[in-house]
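Participant: Please read through the structure below; I'll follow up with questions.
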Amino acid sequence: MPITLDELPPGIPARVVGFRGPGRGAIRRLIEMGVTPGTIVVVVASIGGPVLIRVRGVLVALGRGIARRILVEPLHGLGFGDSNSSDKASNTS
C-alpha cells in the first residue's frame, strides 16, 4: 500500500509509484531531479524541515509539502541493516 514520502522512515528504500496533487510545474521539477515513477528512493534525514532523500545516487532536499505529494511503496527487506542492501537497491533503479 502506498504511503507518502514524508511518512517513509529513514533508511528504508521505496519505489516511487506516483504523485498526488502537485501542479505540472512541480511534477516537471521532480522529474528533472530524477524522482520518477519506478525509481528507488531512500530518506536520509527527515527532522522537522526538508526531507533529504537519495535518488539515483544523488542527495536531494525536498520541502515537506512536496514530499507529502510523492507516493511510494516501501521495499521491505532492503533496508540499511540488511547485507548487500545498497547493491540490491542500486540494481533496481
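The values are calculated or read from the model by the stated rules, or taken from the named source; none is laboratory data. Quick caveat: nothing in here was measured; it's all calculated off a predicted structure. Cβ: placed from backbone, ideal geometry, glycine included. Neighbour counts: every protein chain shown.
Participant: Just checking, does segment 28-36 include any residue being under 10 Å from the mean Cα position of the chain (by Cα) and not small (G, A, S)?
Facilitator: Checked against the condition, which is being under 10 Å from the mean Cα position of the chain (by Cα) and not small (G, A, S), segment 28-36 yields at least one hit.
Participant: Take V43 and tell me if it is modelled with pLDDT of 90 or more and within 13 Å of P74 (Cα to Cα).
Facilitator: Here the answer is yes, as V43 does meet what is asked.
Residue by residue, here is whether (1) of a type in the set (A, V, I, L, M, F, W, C); (2) surrounded by 15 or more Cβ atoms within 10 Å (Cβ to Cβ) holds:
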{"site": "E32", "(1), (2)": "no, no"}
{"site": "G38", "(1), (2)": "no, no"}
{"site": "V42", "(1), (2)": "yes, yes"}
{"site": "A45", "(1), (2)": "yes, no"}
{"site": "I53", "(1), (2)": "yes, yes"}
{"site": "L59", "(1), (2)": "yes, no"}
{"site": "I70", "(1), (2)": "yes, yes"}
